[in-house]
Amino acid sequence: MGLNDEVGRRLKGLRGERGLSLSELARRSGVGKGTLSELESGLRNPTLETLYALTTALGTPLSAVLDDPPAGVSEGAGGVSGSAVTAVLLERHEDAEAATDVFRVTIADGATQDSTAHVPHTTESLMVLSGTAVVGLPGAPQTVGPGGHAHWRADAPHRYGAPHGEVHGILFVRYPNNRP
């Protein structure tokens, strides 16, 4: 089963578990009904922005729709891409307090990606491996170089940028367990 098929199956299952129609999930997420239908059917390649919009509307971590992290994930492994960021799920961890997704991310040289707000009380932390990233809330951007890290609220619009060359890092996205 390919990424598109697996994502589609999981999206459809989560939507069904919540008793949402295709139209209602499309309305809540801002994703077109036709796009959502094609995603659920495995006919469309999902973008990072679209998947975040849908999982936020469903009240779930992004990892809920991605394939389980493969053993021995390598830098060249497939992932999901947005306008500037490519993310490969490395691990997911869940305990009584929160679910945490761990991604290997690449931010494209000279690119900026705006991310919409995730579920309430979600936070993100980025540890930069190489390059210099500009991340966080648009009104309070943080510039982070190799070996450094940044932490920000992800329940508000936020951004990722690589103004001076490609950036590689590890992104932690922590979702509270008081999700619906």
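The values are calculated or read from the model by the stated rules, or taken from the named source; none is laboratory data. Just so you know, these numbers come straight off a predicted model, no measurement behind them. Methodologically, a virtual Cβ is constructed for each residue, glycine included, from the backbone with ideal geometry; neighbour enumeration extends over all protein chains shown. The area values use the complete protein model at the heavy-atom level, side chains included, leaving out ligands, DNA and RNA. Shrake-Rupley method; radii C 1.70, N 1.55, O 1.52, S 1.80 Å.
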Please get the size of the charge dipole for the chain, origin at its Cα centre, with Cβ charges of +1 on Lys and Arg and -1 on Asp and Glu, quoted in debye to the nearest 20. 520 debye
Residues with beta-carbon under 10 Å from that of residue 172, excluding residue 172: net charge, scoring Lys, Arg +1 and Asp, Glu -1? -2
Taking alpha-carbon centroids only, segment 1-32 lies from segment 109-139 a number of Å equal to 25 Å
Cβ under 13 Å from residue 84's Cβ, residue 84 left aside: what net charge do those residues give with Lys, Arg +1 and Asp, Glu -1? -3
Ordering 10, 28, 44 by accessible area with a probe of 1.4 Å, largest first, what comes out? 28, 44, 10
Here the net charge surrounding residue 8, from other residues whose Cβ is less than 10 Å away from its Cβ (Lys, Arg +1; Asp, Glu -1), is 0
What's the center-to-center distance, using Cα atoms, between segment 35-66 and segment 80-103 in Å? 14 Å
Rounded to the nearest 500, what is the chain's calculated 222 nm mean residue ellipticity when only DSSP H runs of at least 4 contribute -39500 (n - 2.57) each, over all residues? -7000 deg cm²/dmol
